[in-house]
Amino acid sequence: MSVDISIVVPLYNEEESLPELVDWIERVCAEHGYSHEIIMIDDGSTDSSWNVIKQLSKDYTAVKGIKFQRNYGKSAALNEGFKAAKGNVVITMDADLQDSPDEIPELYRMVTAEGYDLVSGWKKVRHDNALTKNLPSKLYNGVNRWISGIKLHDMNCGLKAYKKKVVKSIEVYGEMHRFIPVLAKSAGFRTIGEKVVVHRARKYGVSKFGWERFINGFLDLLSIQFISRFGKKPMHFFGLLGTIAFFIGFASIIWLVIERISTGADFGLTNRVTFYLALTTMVIGTQFFLAGFLGELVSRSAADRNNYLVEERF
Ligand code: UDP
Ligand code: MG
């Protein structure tokens, strides 16, 4: 039996919000006649979230639960939810009631009728702390747009909708949940849109992420860009840098020698600053090459080195 929508909810210590959230989702799905499942991933909660989920699954057959042994993080929870999802459209949503289930119908329509691979929510009006969240988030999203080339205002919004094949072909690990659109784009899904969504203040519980998210997020963005461009050919990155560095060093040494011969000046090469700079640059160049070869060894033995996403075949 096919399911219209899988709603994937990662959660960590959100016991108070869950009943309200599930009631609300159920109401929206019943109104629109969607067949659906609600996959709740308990990311190692230490409160009674899991018991609440088990109770909810008795009241609603759509509720399914996955419980982690410990807290692995939001990315791991989403990844597990994506693996389990059976719906033609998959919608992710935070558990804390900051995202509104009333957005489901329009997100669903954009994916099914307008053909988007991925629609990301945009919390245009945000109800979070201005100094620790809203302002850094604006800056951060600007840098994201610039580096990734994906024109989204709010890359890290928890409320997103996907075609099934998108979630089945990406792997969310580490803290990469902030960059799912980048992962999707690098897997070849280009129809990425956004929808302004209502954002609400947290009603219960506390936020699980602080300001350090922006630093970690920036580092992750660099990694993800590097991996998607050079993951399968690291030598093209390191080899280029290595060649440039080595030749700058080598050319400087030649220059020094020519200068000495042509002017007949009696200076010892080792008395010149340029000599040491040139030497260092050549050593750094060689190091880049070594890093490149190591990178090639790693990528050659990676389990997914020949995993390609086939769109059609006949
Ligand atoms: N979350 C999770 N594992 C974690 C941290 C957070 O599953 O280790 C869930 C959390 O319960 C919530 C969602 O991820 O459903 C977003 O977290 P939060 O609301 O704390 O983030 P914020 O809205 O403050 O950005
Ligand atoms: Mg939240």
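Test LEU97 against the stated conditions and say whether it is out of contact with any Cys (no Cβ under 9 Å at 6 or more places or on another chain), at pLDDT 95 or above and within 12 Å of ligand 1 (Cβ to nearest atom).
On the way: out of contact with any Cys (no Cβ under 9 Å at 6 or more places or on another chain): yes; at pLDDT 95 or above: yes; within 12 Å of ligand 1 (Cβ to nearest atom): yes.
Yes.
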Notebook entry, point to check: Among the numbered criteria (1) among the charged types (D, E, K, R); (2) modelled with pLDDT of 95 or more; (3) within 24 Å of LYS151 (Cβ to Cβ), which single criterion is violated by LYS64?
Noted result: (3)
Item checked: Residue under evaluation SER223, criteria (1) part of a helix (DSSP H, G or I); (2) buried (at least 20 other Cβ atoms within 10 Å of the Cβ); (3) under 23 Å from the mean Cα position of the chain (by Cα), criterion not met -> (2)
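Based on this model, can you work out whether ASN88 counts as more than 15 Å from VAL22 (Cα to Cα) and within 13 Å of ligand 1 (Cβ to nearest atom)? Before you say what the answer is, go through the steps one by one.
Numbers: more than 15 Å from VAL22 (Cα to Cα): yes; within 13 Å of ligand 1 (Cβ to nearest atom): no.
When the stated conditions are applied, ASN88 does not pass them.
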Notebook entry, point to check: Which of the residues spanning segment 138-162 are within 16 Å of ligand 1 (Cβ to nearest atom), of a type outside the set (A, V, I, L, M) and either surrounded by 21 or more Cβ atoms within 10 Å (Cβ to Cβ) or within 24 Å of ILE227 (Cα to Cα) (or both)?
Noted result: TYR140, ASN141, ASN144, HIS153, ASP154, ASN156, CYS157, GLY158, LYS160
Next item on the list: Restricting attention to helices (runs of 4 or more DSSP H) lying wholly within segment 1-88, give those where 1 or more residues are closer than 27 Å to GLY115 by Cα and in contact (Cβ under 8 Å) with a residue 60 or more places away in the chain.
Entry: 18-32, 74-84
Note to self: Report every pair of residues separated by at least 6 positions or lying on different chains whose Cβ atoms are under 6 Å apart, first residue within segment 199-214 and within 16 Å of LEU135 (Cα to Cα), second among the hydroxyl-bearing types (Ser, Thr, Tyr) and surrounded by 14 or more Cβ atoms within 10 Å (Cβ to Cβ).
What the structure shows: TRP211/THR132; PHE214/TYR140
Next item on the list: Using the structure shown, decide if GLU312 is in a helix (DSSP H, G or I) and either among the charged types (D, E, K, R) or under 24 Å from the mean Cα position of the chain (by Cα) (or both).
Entry: no
Next item on the list: Please verify whether segment 119-127 includes one or more residues that are of a type outside the set (S, T, N, Q), at pLDDT 95 or above and touching a helix residue (DSSP H, G or I) at 6+ places or on another chain (Cβ under 8 Å).
Entry: yes
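Could you please give the count of residues in segment 140-187 that are part of a loop (DSSP other than H, G, I, E, B) and more than 22 Å from LEU11 (Cβ to Cβ)? Steps first, answer last, please.
Going through segment 140-187, the residues part of a loop (DSSP other than H, G, I, E, B) turn out to be 149-159, 169-175, 187.
Okay, now just the ones that are also more than 22 Å from LEU11 (Cβ to Cβ), so 149-153, 169, 187.
Qualifying residue count, segment 140-187: 7.
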Check: Which condition does PRO101 not pass, out of (1) surrounded by fewer than 17 Cβ atoms within 10 Å (Cβ to Cβ); (2) of a type outside the set (Phe, Trp, Tyr); (3) over 22 Å from the mean Cα position of the chain (by Cα), if it passes all the others?
Finding: (1)
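Taking the residues in segment 66-78 that are touching a strand residue (DSSP E or B) at 6+ places or on another chain (Cβ under 6 Å) and under 15 Å from ASP94 (Cα atoms) as candidates, determine which candidate is nearest to ligand 2 (Cβ to nearest atom).
From segment 66-78, those touching a strand residue (DSSP E or B) at 6+ places or on another chain (Cβ under 6 Å) are 66-67, 74, 77-78; that's our starting set.
Keeping just the survivors that are under 15 Å from ASP94 (Cα atoms) gives 74, 77-78.
Numbers: LYS74: 10, ALA77: 14, LEU78: 14 Å.
For segment 66-78, the residue satisfying everything is LYS74.
Okay, residues lined up against (1) among the polar types (S, T, N, Q); (2) over 27 Å from GLU16 (Cβ atoms):
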| site | (1), (2) |
| --- | --- |
| ALA95 | no, no |
| THR112 | yes, yes |
| ARG126 | no, no |
| LEU131 | no, no |
| CYS157 | no, no |
| VAL182 | no, yes |
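Of the residues LYS165, LYS208, only one is of a type outside the set (Val, Ile, Thr) and away from ligand 1 (no atom under 15 Å from the Cβ); which?
Details: LYS208 fails: away from ligand 1 (no atom under 15 Å from the Cβ).
Of LYS165, LYS208, the one residue that is of a type outside the set (Val, Ile, Thr) and away from ligand 1 (no atom under 15 Å from the Cβ) is LYS165.
The values are calculated or read from the model by the stated rules, or taken from the named source; none is laboratory data. Please read all numbers here as calculations on a predicted model, not as lab measurements. Neighbour counts run over all protein chains shown; Cβ positions are idealised from the backbone, glycine included.
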